[in-house]
Amino acid sequence: MRTVHTADAVLTADGAPADSVAVDSGVIVAIGPYATVTAAHPGARVRRWSGLLAPGLWRTRAAGLLEAAYHPDPREAAELGAEPLTGAALAVLEMDETRWGASARRGLQRMLAQGTTAVTGPFSRPSVRTAVARSGLRVRVRETERPGDGPEILLDGELVLGGPADFAVFAAKAGGGLPTRASLPSGTARCVATVLGGRLVYRSA
C-alpha cells in the first residue's frame, strides 16, 4: 500500500524544503511538501510524525555490539541488569548459539529503537547472522577501513527518489529545535519511528 510519511521536516540530500516522503513497494517515490506529495498520490495512507524525517543511522561497529556483548533478557534484569555485558561479566556466562541468537535479537531491537537502518558486517556467529538477516537491517562492509576505524555511527546515505525506503524520524531536542545533519551521528537524538523497506519496524510509545 502506498504511504505518505509526513513530519515537521525532511532532511533532503540537496537541502530543498520538504516535510513528506511517499513510499510504494519499499521504494521512495516522492519527496517534497505535503500538499504536493499527497496531490500526486491520492488515496495513499498518511502517517504523521513529530520530528525530523531523515536517513537512518549506520552502526559501523555492530559486529562487536552483537558478537562481543550480551544483551540481557528483561527477565534477567534483577541478576544481570539491563545494559549489555562485556569482558569479565560476559566471560562468566554460559553462552551457546541459542543464547547468542536471543541476545542478538534484543540488541537489534535496541538499534531499531535508536533509528538504525544499516549495520556493518561480517558476522561470524551463525545465530547472529540469522538474527541480522531477519531484522531487515542492511548489512554494509566498509572496505576502505579496518574494523574499529572511523566513526561508530554514520548517516546511512541520503533519501533519494527510487531509493530504498529506509529512514527514521527523530524527535525535537528538549527546549525545541530539530536535530541537524551534523548532530544525528552522535546517536543522542531520540528516535520516534524507524522504517525499513517501507515497513514500520519501530515506533515509540
task: Determine the per residue accessible area of the chain with all protein chains present and a 1.4 angstrom probe, expressed in square angstrom.
output: 50
statement: Of 90-97, 102-109, 36-43, 189-196, ordering from highest average Cβ density within 10 Å down gives 189-196, 102-109, 36-43, 90-97
- request: Mind giving me the nanometre distance, one decimal, between the label points for ARG203 and ARG190, set 7 Å out from Cα along Cα→Cβ?
  value: 1.7
message: Just to confirm the number: angle between the C-alpha axis of helix 126-135 and the first principal axis of the chain, 0 to 90 degrees, nearest 10?
response: 20
Accessible-area composition of the chain, carbon plus sulfur, in percent [1.4 Å probe]: 54
statement: Given 179-188, 153-162, the highest-first ranking by average Cβ count within 10 Å works out to 153-162, 179-188
- request: Report, to the nearest 10°, how far helix 97-112 tilts away from the longest principal axis of the Cα atoms in the chain, using its own Cα long axis and a range of 0 to 90°.
  value: 30
message: If I take the Cα coordinates of the chain and project them onto the principal axes, what are the three extents in Å, biggest first?
response: 59, 37, 32
- line: As a percent rounded to 5, the proportion of antiparallel DSSP bridges among beta bridges in the chain is 70
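The values are calculated or read from the model by the stated rules, or taken from the named source; none is laboratory data. Since the structure is predicted, the reported quantities are computational estimates derived from the model, not experimental observations. Positions of Cβ are backbone-derived with ideal geometry, glycine not excepted, and every protein chain shown enters the neighbour counts. Note: accessible area is taken over every heavy atom of the protein model, side chains too, but ligands, DNA and RNA are not part of it. Shrake-Rupley method; radii C 1.70, N 1.55, O 1.52, S 1.80 Å.
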